[in-house]
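Input: a single structure, listed below in structure tokens.
Bear in mind these aren't lab numbers, they're just calculated from the coordinates by the rules spelled out. In this text the structure is predicted, and so the values were computed from the model without any measurement. Cβ placement follows ideal geometry from the backbone for every residue including glycine, while neighbour counts extend to all protein chains displayed.
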Amino acid sequence: MKRVDFYYSTKLTFDDYVHDHSFALRIMPPVTDTQKITSCDMNITPYVSVKQTVDAFGNNVTAGYLKGDHRFLDFEIKGTAEVDNSKHRTDYMPCYLYQSRYTQPGETLSAFYNEIKVKCTGTVQDRAEYICAALSDRLSYEQGFTDTSTTAEKAFSLGKGVCQDFSHILITLLRMDGIAARYIAGLAFCDGETHSWVEYWTGDHWEGIDPANNCPVNDDYIVLSQGRDFRDCAIDRGVMFGKHTKQLQLVRSILS
């Protein structure tokens, strides 16, 4: 078990005034079998009354509405958690067996799976670790070539991507191998922003694996949200009105 102090902030700046802005944030870390949130404070600017709900995947959702004109939205969390990944989560859902919007394989990923599946043997853990290592050998971590709309097939065809792409591709391959897998968005010591990784179902519990770093998940990771892919786990999502709604996003996170 490890005591972890965490901090996360996002500053959204719009290129013109917007109004009637509805938003949903998934930044409040859930209490699970592997992480106990001992304290967590959230600040949102401009001030707005919010409603806390829980979505179908067990994510804490903070929903709000800003009616008047504004050109920015800042939000942050700060708190402390006790993390113990020697304990196991068992909140299984059958939907994690099936490909989703971001993970649907095309010709390139299908060919890669057919190439490696002969050596993909042993326990679920053996197979997951082998697939992750094979992916790490094939894909390079490079920023600026993909974005939040990039699918697993597209990123794999490019041969490069960031943590989101590594996670989507690993999920695709695991599901092709009959292993239920889910996307995790959260905070980790290896990143200055949010990070993503994968949990796979062993048959009786979830195990975490970080494909961008090709390593098991340990107590240096804090879960913020989970789902079938990035779309279910988006840290912030919103709808607003205005002449221009292009936004600049600055993100900062600290674990200590």
Handout entry: the chain - Kirkwood radius from inverse mean 1/r over Cα pairs (Å)
Key = 19.0 Å
Fill in the blank from the handout: Flagged as over-length at 32 Å C-alpha distance, from 36/160; 67/154; 51/243; 87/117, the pairs are 36/160; 67/154
Handout entry: Extreme residue, positive dipole direction of the chain, given options 230, 216, 186 (C-beta unit charges)
Key = 230
Exercise for the section: Once you have the Cα-Cα distance between residue 17 and residue 231, take 0.36 nm times their residue separation minus that, and quote the gain in nm to one decimal. Expected result: 74.4 nm
Exercise for the section: Would you mind computing the Rg to Rh ratio of the range 202-256 from its alpha-carbon coordinates, Kirkwood style for Rh? Expected result: 1.08
Exercise for the section: Sort 108-121, 29-42 for me by packing, meaning the mean count of neighbouring Cβ atoms within 10 Å per residue, highest on top. Expected result: 29-42, 108-121
Handout entry: Furthest towards positive pole of dipole, 61, 105, 170, structure part the chain, Cβ charges
Key = 61
Exercise for the section: Compute the distance in nm between two label points, each set 7 Å from the Cα along the Cα-to-Cβ direction, one at residue 51 and one at residue 243. Expected result: 3.3 nm
Exercise for the section: Give me the percent of Cα-Cα pairs in the range 132-256 that sit more than 22 Å apart, rounded to a whole number. Expected result: 35 percent
Handout entry: Karplus-derived HN-Hα couplings along the range 81-90 (A = 6.51, B = -1.76, C = 1.60, θ = phi - 60°), whole Hz, x at Gly and Pro
Key = 9, 10, 10, 9, 7, 6, 7, 10, 8, 10
Fill in the blank from the handout: The size of the Cβ-based charge dipole (Lys, Arg +1; Asp, Glu -1) of the range 3-67 about the Cα centre, to the nearest 20 debye, is 180 debye
Practice task
Assign unit charges at the C-beta atoms only (+1 for Lys and Arg, -1 for Asp and Glu), then state the dipole size of the chain relative to its Cα centre in Debye, rounded to the nearest 20.
Solution key: 440 debye
Handout entry: Euclidean distance between Cα centres, the range 5-63 to the range 172-212, Å
Key = 22 Å
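Tell me which DSSP H helices of the chain clear both cut-offs, 24 Å or more of axial length from alpha-carbon atoms and a mean Kyte-Doolittle hydropathy of at least -1.0.
none
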